[in-house]
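Okay, structure first, notes after.
We did not get these values from a lab; they are worked out from the coordinates using the rules stated. What you see is a predicted model; the values in this text were computed from it and never measured. Using ideal geometry, Cβ is built from the backbone for each residue, glycine included, and neighbour counts are taken over all protein chains shown.
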Amino acid sequence: MHPDIRQNRQREAAEAGGVRDPAHRLEEAVGLAEAIALDVVSAETVPLNRPVPATLLGGGVVERMARTVEDEAIDLVIVDNALTPVQQRNLERALETKVIDRTGLILEIFGARARTHEGRLQVELAALTFQRSRLVRSWTHLERQRGGLGFIGGPGESQLEIDRRLIDERIAKLKRELEQVRRTRGLHRKAREKVPYPVVALVGYTNAGKSTLFNRLTRSDVFAKDLLFATLDPTMRRVDLPSGREVILSDTVGFITDLPTDLVAAFRATLEEVTGADVIVHVRDVAADESAAEKMDVEAVLRSLDIDPEVPVVEALNKIDLLGPDERGAVSAEADRLERAACLSAVTGEGVDRLLDVVDAALSRRRSIRHYDVSLADGRALSWLYENAQVVAREDEGTVAHLDVSIDPEDAARFESRHRHAAE
């Protein structure tokens, strides 16, 4: 059930410059439920002028939902909105069934999808942070007290306090483990910097086709399916660009509108590759009705990551194979208007070469002209420069070749570390 709250629509219009269609919001919520194999027997949008403090939804809506739950023998009700602990408890009492909100549903998906140790740690941290907020006035049995130790005296510790303390201890332990994971990731990043390759990060709304494109570009078999949040753990592979330059391609977790704050914080480590990327490829599902709104959601997340504004962003206008001739023409015109964009289909491979050309060009803009004096006897150094840089001028004088080359900062660092005599 998606509550279409007028106050929220007004806020969206003011902040984002547009309002997402409630029907598509409901469709997305159904997709989230189906992503963990739930059988959706009823789905509807409920218009509300303002939220009701006790249940979020109005009394008449709750009564009607209760009848539907009983008639359809429904085991779980999903409210596509944030619920307070009190609202969740009151709805469960009124409907006599389990109720979860949008955050709870996304947590379930993340729990089912996480494959690596880091991913599982992040899921548990987000789940415990969410659960801790539910302890206050949420579970009546937690108010029972346990007796204190006889020689201390005074009241015992309440079950609520015990549970909160145990959760806090586990959260602290998880944060320590995640910090160790981040340090290990940092060591891996430093190791890559010693043999530096530019990093190209794929970002986009969930289910935009990032993993399918990743597999197409890297000839790998990363899990890719028509599911929301099919990818949670960052995956990296090496890719050769048309110029012969090698890059590291990173596939990241998909973004989504109204992603809960706790989840953004817990999964920030998976987005570290985005913050350090040399080029960001924004994969868009141009066949989606909400493509423009999804683009704004992704751009909002990117702004929150404090990415260097100098980092070029390439738009991959994906799924053109699902468009008719007129729609394809409109998307092609949009790509022409954008400075860095390519129309493509990750499924068929159409336009993928064009995308690689655009990424290659975006990286080339980072090049600078450097001068090297290389001995003509040093064939290895000369060959390396011709293979990895663009020689724009050369003058041979005696036994030395004086070269002006257009080269990436990473390649310059590699060359100068291996051939220090040429860079002096």
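The table below gives the values:
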quantity	calculated
Highest-first arrangement of 292-300, 391-399, where packing means the average Cβ count within 10 Å	292-300, 391-399
Directionally averaged shadow of the stretch 2-109, computed from the convex hull of its alpha-carbon atoms, nm²	6.6
Packing rank of 103-112, 306-315, where each peptide gets the mean count of other beta carbons within 10 Å, highest leading	103-112, 306-315
Separation between Cα centres of the stretch 22-78 and the stretch 318-332, rounded to whole Å	34
Protection proxy ranking of 48-57, 355-364 - average other beta-carbon atoms within 10 Å, highest first	355-364, 48-57
For the stretch 2-109, share of DSSP beta bridges that run antiparallel, in % to the nearest 5	10
Within straight-line cross-link reach of Lys173, aspartates and glutamates at Cα separation under 15 Å, skipping those fewer than 8 residues along the same chain	Glu118, Glu124
D_trans [Stokes-Einstein, Kirkwood Rh over alpha-carbon pairs] for the stretch 368-423, 25 °C, 0.890 mPa s, µm² s⁻¹	224
Inter-probe distance in nm under a simple model that places probes 7 Å from Cα toward Cβ, at Glu63 and Arg176	5.5
Rounded FRET efficiency, nearest 0.05, which uses the C-beta distance separating Ser417 from Ser42 and R0 of 60 Å	0.40
Extension gain, Ile162 back to Leu305 (0.36 nm per residue minus Cα-Cα distance, nm)	47.9 nm
Net lengthening on full extension, Ser243/Glu350 (0.36 nm per residue, minus Cα-Cα)	36.6 nm
Gain on full stretching of the segment that runs from Glu169 to Thr97 - 0.36 nm per residue minus C-alpha separation	22.8 nm
